[in-house]
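The values are calculated or read from the model by the stated rules, or taken from the named source; none is laboratory data. None of these values were measured; they are calculated from a predicted model. Reconstructed Cβ throughout: ideal geometry from the backbone, glycine too, with neighbour counts over all protein chains shown.
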Amino acid sequence: MDGGLRNNKGFITLMCAQLVSSIGDWLSIVAIITLVGLKWNASPMEVSLIILCLAVPMALLGPFAGTIADRFSRKSLMIISDLVRAFLILGLAFATAIWMVYVFLFAIGFLSAVFIPAKNGKLKELVPDSNMKSAMSITSMIDSGTKVLGPLLSGLLVTAFGTQLVFYIDSATFLISAILIIALPKTLHVLEDKQETNDAKGPSFKDELIEGLTFMKGNRYLLTGMTILGISLLILQLSDSQIIVLIRELSVASPDLFGLIVSSAGVGMFITGFILSKKTEYNALILMLVGVCGIGLSFGMMALLTGVDLSLSIIWGPMLGVFAGLTAGLVFIPFQAAVQTDTPVHMTGRVFGVINSVTTTATIVGPLLGGWLSTVIGVIPTFIITSSLLIIISVLGFIFKSTIERGKINVSESQQGTQGAASS
């Protein structure tokens, strides 16, 4: 960990809260799928609606939730979100019908839509721009690490004790996260004074929402980065959601292959996060384009090796999973770091709200299109199309790289006056 971050108590506390909460998220997701899919024998569509209930609120309400995160105390919003989600998760333990699960999950999705931009805004308050690249790498390491550990731990707990205990544990993780957030120290940056006054000329909720959208529109560098990220994620999801279908094309495949590929991708992202936390002098756009190309190559190789029915898939499958995770990290981590450093502290929530809405929409639409495309033309051609489109996007990005970088506004000057050292 960077020396400045190692001594930053606020950052460490926030990361501990994220670690506990992320593990809890994965615990509950596996438990919910087990409860609904196995115990209640839900149909494939009913199982799909579980993920949609979590994702749709974040896709639809991202910009509004981000504005809320900028308008009110981020620390308070995070605490309230954690406490209410702890109650909702506890409710899942007593759910007796699938519609109750949907209601609880939709409410949890809404609160998550508020929590995520509030957390990113709080991170901006706590960490100086000089340490932001390392900070975003560490948050990515936590996300990818819990992606590997969480499902494994949940599977063991569900098998040994049943789903109800897992919901109790997940509820407790949100309570622990809330306690840690309460302990957050004073911020490094000072937000604009937002104390309630009788001044009727203060900006309205609508004005603040428009201000955030206008900032993204006016910053061609970030707008291009978000576009590359959104389109790439949409294309990626065409095939990512069909990996299990691709594995079925192999004449001999281990039953554990799918889980190994997913876990390997998490390991790959963890490695990238670790490297980028140490090597912070990089060009975000170049790494993003290299990452998009790398993902395309990994998915293309999966399709080709599956097409020739190559043996030893238990070896080359996870290897390609690691490579896909490594390159995916090159896309997400540098972009999020660039957003943090280029966005004024008082607009961080709104900007991340918009980005979260775009990426979540891609993860909803992509699998639906991927399922349709695989049904119509087959899963291997779908993977080939995904690979080709990602490589084309990368090549076009490098062709227009100079034009994109000329559109990067001088954020450091525009931020002067919005940030400063905390004096109290």
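What to note about this one:
- When restricted to residues that are in a loop (DSSP other than H, G, I, E, B) and hydroxyl-bearing (Ser, Thr, Tyr), the range 289-314 contains 1.
- You will find that of Ile244, Ile271, Ile286, the residue that is touching a residue at least 60 places away in the same chain (Cβ under 8 Å) and in a helix (DSSP H, G or I) is Ile286 and no other.
Here's the yes/no breakdown for (1) exposed (fewer than 15 other Cβ atoms within 10 Å of the Cβ); (2) modelled with pLDDT of 85 or more; (3) in contact with a Ser or Thr (Cβ under 9 Å, 6 or more places away or on another chain):
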{"site": "Ser263", "(1), (2), (3)": "no, no, no"}
{"site": "Val267", "(1), (2), (3)": "no, yes, yes"}
{"site": "Thr272", "(1), (2), (3)": "no, yes, yes"}
{"site": "Glu281", "(1), (2), (3)": "yes, no, no"}
{"site": "Leu285", "(1), (2), (3)": "no, yes, yes"}
{"site": "Leu305", "(1), (2), (3)": "no, yes, yes"}
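- Residue within the range 208-220 that is under 29 Å from Leu310 (Cβ atoms), assigned by TED's automatic domain parsing to the domain that holds Thr341 and either at pLDDT 70 or above or more than 24 Å from the chain's Cα centre (by Cα) (or both) present: no
- Complete set of residues in the range 343-383 that are of a type in the set (Gly, Ala, Ser) and touching a helix residue (DSSP H, G or I) at 6+ places or on another chain (Cβ under 8 Å): Gly349, Gly353, Ser357, Ala362, Gly366, Gly370, Ser374
- Single residue of the range 57-81 satisfying the filter (surrounded by fewer than 18 Cβ atoms within 10 Å (Cβ to Cβ) and small (Gly, Ala, Ser)) that is modelled with the lowest pLDDT: Ser73
- Test: residue in the range 42-56 that is assigned to a helix (DSSP H, G or I), surrounded by fewer than 18 Cβ atoms within 10 Å (Cβ to Cβ), out of contact with any Lys or Arg (no Cβ under 9 Å at 6 or more places or on another chain) and among the charged types (D, E, K, R): yes
- Only one entry of Ile108, Ile116, Ile138 meets the criterion of being closer than 20 Å to Leu35 by Cβ, among the β-branched types (Val, Ile, Thr), assigned by TED's automatic domain parsing to the domain that holds Ser21 and touching a helix residue (DSSP H, G or I) at 6+ places or on another chain (Cβ under 6 Å), and that entry is Ile108.
- Among the candidates Thr67, Thr13, Thr34, residue that is assigned to a helix (DSSP H, G or I), of a type in the set (Ser, Thr, Tyr), farther than 30 Å from Met132 by Cβ and touching a helix residue (DSSP H, G or I) at 6+ places or on another chain (Cβ under 9 Å): Thr34
- The lone exception for Gly121 - which of (1) without any contact (Cβ under 8 Å) to a residue 24 or more places away in the chain; (2) in contact with a Lys or Arg (Cβ under 6 Å, 6 or more places away or on another chain) it fails: (1)
- Here the condition is being at pLDDT 80 or above, of a type in the set (Val, Ile, Thr) and under 25 Å from the mean Cα position of the chain (by Cα); of Ile399, Ile404, Ile364, it holds for Ile364 alone.
- Among the residues listed as Val103, Val166, the single one being assigned by TED's automatic domain parsing to the domain that holds Leu14, β-branched (Val, Ile, Thr) and surrounded by fewer than 23 Cβ atoms within 10 Å (Cβ to Cβ): Val103
- Taking first residues from the range 141-152 that are within 20 Å of Leu14 (Cα to Cα) and partners that are modelled with pLDDT under 75, the Cβ contacts under 8 Å between residues at least 6 apart in sequence or on separate chains come to Gly150/Val30.
- The condition of being part of a helix (DSSP H, G or I) and either at pLDDT 90 or above or surrounded by fewer than 24 Cβ atoms within 10 Å (Cβ to Cβ) (or both) holds for only one of Phe335, Phe352, that being Phe335.
- Flag if Gly91 is assigned to a helix (DSSP H, G or I), in contact with a Gly (Cβ under 6 Å, 6 or more places away or on another chain) and assigned by TED's automatic domain parsing to the domain that holds Lys39: no
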